[in-house]
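The values are calculated or read from the model by the stated rules, or taken from the named source; none is laboratory data. Computed from a prediction, not measured in an experiment: that's the story for all the values here. Virtual Cβ from ideal backbone geometry, glycine too; neighbours counted across all protein chains shown.
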Amino acid sequence: MRKLADFFGVLAAAVMLAAAAPALSQQPPPTGPAAQAEREMVQPGNNAPVWRDVRSGAPGYTTVQGIETGVLVQSRGQTWREARVPIAFWGGLLVAVALAGLAVFYAIRGSMGDVEKPGARMIRRFSPADRYAHWLLAISWTVLAVTGLIISFGKDLLLPVIGYTLFSWLAILSKGLHNFVGPILIIAVPWMFFQYVRDNGISAADFKWFGNIFGYFRGKETPSKRFNAGEKLVFWVVLTILTTILVITGLVLNFPNYGQGRSAMQNASMIHMVAAYIAMALAAVHIYLGTLGVRGAYRAMRFGEVSEHWAEHHHKLWYDEVKAGKARQKFADEVEKPATGEARTQTS
Ligand code: HEM
């Protein structure tokens, strides 16, 4: 019995050795000029050894000075090219779903916040500096979002519709605008951040607000201070985190002559794409609420004032502070007393 077990043990070891033998004896494929010369003898026109050398990523010799100039083909570029496809697909889908969802919501619900009554006092909600900072950011950001979408999806979605000539012009214009408008955010983001950060502190009330997010979209708002939790999400996630990431990665891509290699630019490109799609989907909701979604919101950012009824309905805690004289924002008739002494009333 013992002998039989030994026999099978030896047999199993022999089988395993035989199976492993080809792998053990396998040599790395030949590379280098000698290997290529040899290959030419047996298979003329087969350049595999040369291309193996090129794809190895090891720098060759060149008189051109600069980062990676000796690396003819960087194989990781292929991985980056392939990774871009699913990122663009899912990112594009996210933005499309957000836009379609908002369109359906608007079709069903229409604009929210029918709260205005004639003769209301106005409150100075945004100072001129608040508004200039916001519009510098919003206009440049929107130009970047639209041109970014054309750069990403124009070839697939617009070219078949508008043809080569028009698309060529549009693509060149989009790329130029994207590259030149981007750096404006270096000023706009910090300006906006410091202008608004005071009223964007996070508290337990903000979680309560999110708990009632469906109520918000049905017109039953949880009382909030100057900004509600949804706006704070835009402030912290879209502006502070994602737009800062977009600016940094955008600069890495915009100025390739500062010593960053191809890998750094590929990483920057992928991070830029992911941040852009998430930011665009969230910003779409914000822009919708700031224009069509909530009556009176756009007027606030355009002219700086809201009616007391608007303030009471949308930001009850802030309204109470304004009434008690505890907020930095005041009733318009208290800020600049009209010559007649009459209280300023809502005009639109
Ligand atoms: C065309 C595009 C945009 C429009 C029409 C728009 C509209 C508005 C409006 C009406 C408000 C005032 C809301 C209120 O009174 O409570 C506002 C506030 C604000 N917007 Fe925009 N916006 C746009 C783009 C953007 C973008 C792209 C960002 C960020 C990247 C942004 C960030 C903010 C922030 C941070 C606030 C103040 C809320 C807070 O600080 O919590 N906006 N926007």
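Taken over the stretch 294-318, the criterion of being surrounded by 19 or more Cβ atoms within 10 Å (Cβ to Cβ), part of a helix (DSSP H, G or I) and within 10 Å of the ligand (Cβ to nearest atom) is satisfied by A297, A300, W310, A311, H314, W318.
Screening G110, G45, G60 for residues that are in contact with an Asp or Glu (Cβ under 9 Å, 6 or more places away or on another chain) and loosely packed, with under 14 Cβ neighbours inside 10 Å leaves exactly one candidate, G60.
Report, by residue number, each residue of the stretch 225-245 that is of a type in the set (K, R) and either within 6 Å of the ligand (Cβ to nearest atom) or outside the structural domain of L136 (by TED's automatic domain parsing) (or both). If you could, list the steps in order and put the result at the bottom.
So in the stretch 225-245, the residues of a type in the set (K, R) come out as 225-226, 232.
Of everything in the stretch 225-245, just one residue is of a type in the set (K, R) and either within 6 Å of the ligand (Cβ to nearest atom) or outside the structural domain of L136 (by TED's automatic domain parsing) (or both), namely K232.
Could you pull out the residue among A324, A264, A311 that is among the hydrophobic types (A, V, I, L, M, F, W, C) and closer than 28 Å to L99 by Cα? Step through it out loud before you land on a result.
Numbers: A324 fails: closer than 28 Å to L99 by Cα; A264 fails: closer than 28 Å to L99 by Cα.
Only one candidate qualifies: A311.
Within the stretch 263-273, is there a residue that is touching a helix residue (DSSP H, G or I) at 6+ places or on another chain (Cβ under 7 Å) and within 11 Å of the ligand (Cβ to nearest atom)? No: the stretch 263-273 contains no residue that is touching a helix residue (DSSP H, G or I) at 6+ places or on another chain (Cβ under 7 Å) and within 11 Å of the ligand (Cβ to nearest atom). Residues that are surrounded by 15 or more Cβ atoms within 10 Å (Cβ to Cβ) and among the aliphatic types (A, V, I, L, M) within the stretch 213-236 comprise A229, L233, V234, listed in sequence order.
In a helix (DSSP H, G or I) and either at pLDDT 95 or above or over 15 Å from the mean Cα position of the chain (by Cα) (or both), is that true of S269?
Numbers: in a helix (DSSP H, G or I): yes; either at pLDDT 95 or above or over 15 Å from the mean Cα position of the chain (by Cα) (or both): yes.
Here the answer is yes, as S269 does meet what is asked.
Considering the conditions (1) among the hydroxyl-bearing types (S, T, Y); (2) surrounded by 17 or more Cβ atoms within 10 Å (Cβ to Cβ); (3) closer than 30 Å to S307 by Cβ, Y132 is excluded by exactly one of them, (2). Residue under question is Q65, and the condition is that it be loosely packed, with under 10 Cβ neighbours inside 10 Å, outside the structural domain of N267 (by TED's automatic domain parsing), at pLDDT 85 or above and of a type in the set (S, T, N, Q); does it hold? For Q65, the condition - loosely packed, with under 10 Cβ neighbours inside 10 Å, outside the structural domain of N267 (by TED's automatic domain parsing), at pLDDT 85 or above and of a type in the set (S, T, N, Q) - is met.
Comparison of T222, T244 shows that the only residue that is in a helix (DSSP H, G or I) and either touching a helix residue (DSSP H, G or I) at 6+ places or on another chain (Cβ under 9 Å) or in contact (Cβ under 8 Å) with a residue 60 or more places away in the chain (or both) is T244.
Applying the condition of being touching a residue at least 60 places away in the same chain (Cβ under 8 Å) and hydroxyl-bearing (S, T, Y) to the stretch 268-293 and asking which residue is farthest from T249 (Cα to Cα) yields Y288. Scan the stretch 198-212 residue by residue and report those that are within 24 Å of the chain's Cα centre (by Cα) and surrounded by 13 or more Cβ atoms within 10 Å (Cβ to Cβ). Across the stretch 198-212, the qualifying residues are D199, N200, D206, F210.
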